[in-house]
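The structure under discussion appears below in the form of structure tokens.
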Amino acid sequence: MVGDQFSTIRGRINLDAKVTNWLSIGINTQFSDRNESNMNRPDDPDPTIQADWGRIINNSPWGSIYNDDGQTWRISPVDDLGRGARHPLYDRTFQERRRFYNTLNTNLYATISLPLNISYQVNYSPRYQWYEFMNHQSSKHEEWGKFGGQSKRLQQKIFSWQVDNLLKWNKTFSEIHSFDVTLLANAEKFQSWENYMSAQGFMPTDALSFHRMQAGVGTSFQITSNDEYDTANALMGRLFYSLKSRYMLTLTMRRDGYSAFGQNHPYGYFPSAALGWVFTEDIAQNNSFLTYGKLRVSWGSNGNRAIGRYEGLSDMTTGKYPYQTTAGTVYEGTQLYVNRMQNVDLKWEQTESLNFGLDYSLWDGVFDGSFDYYTARTIDVLVDRRLPDILGFNSVASNLGEVKNYGVEAVFNSRVIRRENFRWNINVNFTLNKNEIVHLYGDMVDVEDANGNVIGQKEGDDYTNGWFIGKPIDIIWQPRIVGVWQIGEEEQAKRYGQFPGDFKLEDVNDDGKINDLDKQFLGHRTPKFRWNMRQDFNILKNLDFSFMIYSYWGHKGTMNSAKNRDSFPERVNSYKIPFWTPETPHNDYARIYSAQGGAVFDVWRDRSFIRLDNVSLSYTVPKSLTSRIDIQNLKVFTTVRNVGWWAPEWKFWDPENSGPNPRYFTLGVNLTL
């Protein structure tokens, strides 16, 4: 696709030095210069610089992309801008854009060996990022010329650093008691500076684009700035003990602090403990079948600080508004108001988890892997809770609710064939996760019997966000589609303001209208389970072949194209998909420009799929040949990504992203001198 491209220049330096027998120092530095001038910004506040996929779809094949001169683009190939029939490259032609990221990541460290087998290490990791975005919309554009063109400039600098102080001690007593102690003191800081300006109506011309912002009309100037700052710190202590390398105990305690939380709770405390037992050393010695087995159990707590830097604070905002005096004079006034409600009790979101695991190896490594079962409970969930308008605030950052997770993870490896000139290995991973909302806001509602009598209370659900106690977070809660109205059902369809060829929805209470009372639980938005399998083959020692397959299964996605409701289908193009007619009475696709009867619903289809993702072939030139020309290693390889997929129910684009997904071909050479 035109514009879907970027370029990057990277450099890396790694230096290590042993100054004395007790002091080692080093530095790892990476620099990158990334040019994304041909790509849209993630939040997409500007006209597209890439070819617009939606316009490619909507444009009629009967129009002309050129003006009468046969060279310049027409803004609309069919002269119908009102329906989105715009040339996909027209906006790009009249734009000039610079979008660059420069990043510098460094890690400086020093290790000191102390007496009594104690070591101290300090890591200092500063990170710089410079970002610049400049965009000009030329006045030569048929629409942008009406306001004399427009230019924007945005510069941002980010500086962050992290310091880790690590003190370690390990010792083995009587050859059976092993101790390992780690102490950590951490500090970090983030700071950013951002400036933005924009202008329109350049005089006498916008030929210098964003290089001369002062040429814009004064009343069109916009200047803003945004600087942000946060700090964090942590203390951690960990003890590991092993007896005979078969009984293991790990105890950890961590305290984390973050400046974004309320003044009353800036710190969170997160303990953990783990036990391990290599049982084959006790009950399965000299067993040729089970050559290794280890049981694991662990419990721990960790925190989540994913909130805005100032969510717990109350901030002030300024604004402009027109004001008219009694004499009729209008002038611009300035207002200052509190924009956010503070929460001094905002604190860490915490997740407590319990894990049971088994590691195993069979027949001396022919088969090995692991199996884990876990449960997790997340409390004090960080949410932006909506507030009644009467309070003067829309929402407040809060800790509310409780979510329960549980699942299994399994890993299986097999060395199927191990011969001198042929090897075949298999790796399989399987994960299954389920979650359930246990608590939400604590608001109690009455429970009524069939006669409307109150018989108790329960915690209320959140119908606005579709969150229900006892249900997963990703549940789909919408009206159920039970087919398509057919010929002969005109009177039934008319009751809902619909016609034959429209999607038929289940009217749960049979009241003649579709609303929230008719919504049902239809499935899940995220996969119930995932698995992947990789197979590796080595032939004649020098030829390697591998492929990987992965699958997401048990989830649904929206496929609203089945409604055939693309606006003005007689004037714009659309995807070629089935549609209902009296002659082709589909029961899963609606007629062209179908009616919804005032109901709000989506068409959900199963998005389960299996993908052949990565196929790789490589050849390593024998050392008997490379050594003659002083080459240590020479490998030629080729890979193909996204080879293909199988989705039994999904019939619209790629099932993983519901859109075009490119296939990648790579040909390369690895050379070591």
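What shape does the range 420-552 have by the C-alpha gyration tensor, where a ≥ b ≥ c are the square roots of the eigenvalues, rounded means a/c under 1.5, and otherwise prolate means a/b greater than b/c and oblate the rest? Walk me through the numbers on the way to the answer.
On the way: a/c = 5.62, a/b = 1.83, b/c = 3.08.
Oblate, because a/c is 1.5 or more while a/b does not exceed b/c.
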Candidate values (1) 25.8; (2) 26.6; (3) 32.1, label of the one derived for Kirkwood radius over Cα pairs in Å: (3)
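Which links in Lys519/Lys651; Lys18/Lys168; Lys140/Lys576; Lys157/Lys528; Lys18/Lys157; Lys504/Lys651 stretch past 30 Å when you go from one Cα to the other? Intermediate values should be presented prior to the final figure.
Details: Lys519/Lys651 25 Å; Lys18/Lys168 19 Å; Lys140/Lys576 36 Å; Lys157/Lys528 41 Å; Lys18/Lys157 35 Å; Lys504/Lys651 21 Å.
In this structure, Lys140/Lys576; Lys157/Lys528; Lys18/Lys157 exceed 30 Å between Cα atoms.
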For the range 330-398, the spread of Cα positions along each principal axis, largest first, Å: 88, 25, 19
Dipole in debye (nearest 20) - the range 50-166, about Cα centre, beta carbon charges: Lys, Arg +1; Asp, Glu -1: 300
Dipole-positive endmost among Trp62, Gln191, Ile631 within the chain (Cβ charges, Cα centre): Ile631
Selection from Asn642, Ser594, Ser658, by position along the positive dipole direction of the range 566-673 (Cβ): Asn642
Amide H contacts under 5 Å for Arg480, placed H, 5+ residues apart: Glu506, Gln520
Leading residue at positive end of dipole, the range 1-53 (Cβ point charges), from Gly11, Gln50, Met1: Gly11
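Using the Kirkwood radius built from alpha carbon pairs, what does the Stokes-Einstein equation give as D for the range 75-231 at 10 °C and 1.306 mPa s, in µm² per second?
Numbers: Rh = 20.6 Å.
Once the numbers are plugged in, D ends up at 77 µm²/s.
Please give me the summed charge of the neighbours of Pro500: other residues whose Cβ is under 14 Å from its Cβ, Lys and Arg +1, Asp and Glu -1.
On the way: positive: Lys494, Arg495, Lys504, Arg591; negative: Glu489, Glu490, Glu491, Asp502, Glu583.
That sum, taken over residues with Cβ under 14 Å, equals -1.
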Debye, to nearest 20: dipole size of the chain, +1 on Lys, Arg Cβ, -1 on Asp, Glu Cβ: 2560
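Treating only the Cβ of Lys, Arg, Asp and Glu as charged (+1, +1, -1, -1), what charge dipole size does the range 517-652 show about its Cα centre? Round to the nearest 20 debye.
Roughly 340 debye for the range 517-652.
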Viscosity 1.567 mPa s, temperature 4 °C, Stokes-Einstein D of the range 1-67 from Kirkwood C-alpha radius, µm²/s: 77
Sulfur and carbon atoms: percent of accessible area, the chain [1.4 Å]: 54
Computed [θ] at 222 nm, deg cm²/dmol, the chain (DSSP H ≥ 4; -39,500 (n - 2.57); rounded to nearest 500): -500 deg cm²/dmol
Cα gyration tensor of the range 332-473 - equivalent ellipsoid semi-axes, whole Å, descending: 50, 24, 13
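The values are calculated or read from the model by the stated rules, or taken from the named source; none is laboratory data. Small disclaimer: the values here were computed from a predicted structure and weren't measured. Don't worry about glycine lacking a Cβ; one is built from the backbone with ideal geometry, like all the others, and counts go over all protein chains shown. Just the protein is used for accessible areas: all its heavy atoms, side chains included, with ligands, DNA and RNA removed. Shrake-Rupley method; radii C 1.70, N 1.55, O 1.52, S 1.80 Å.
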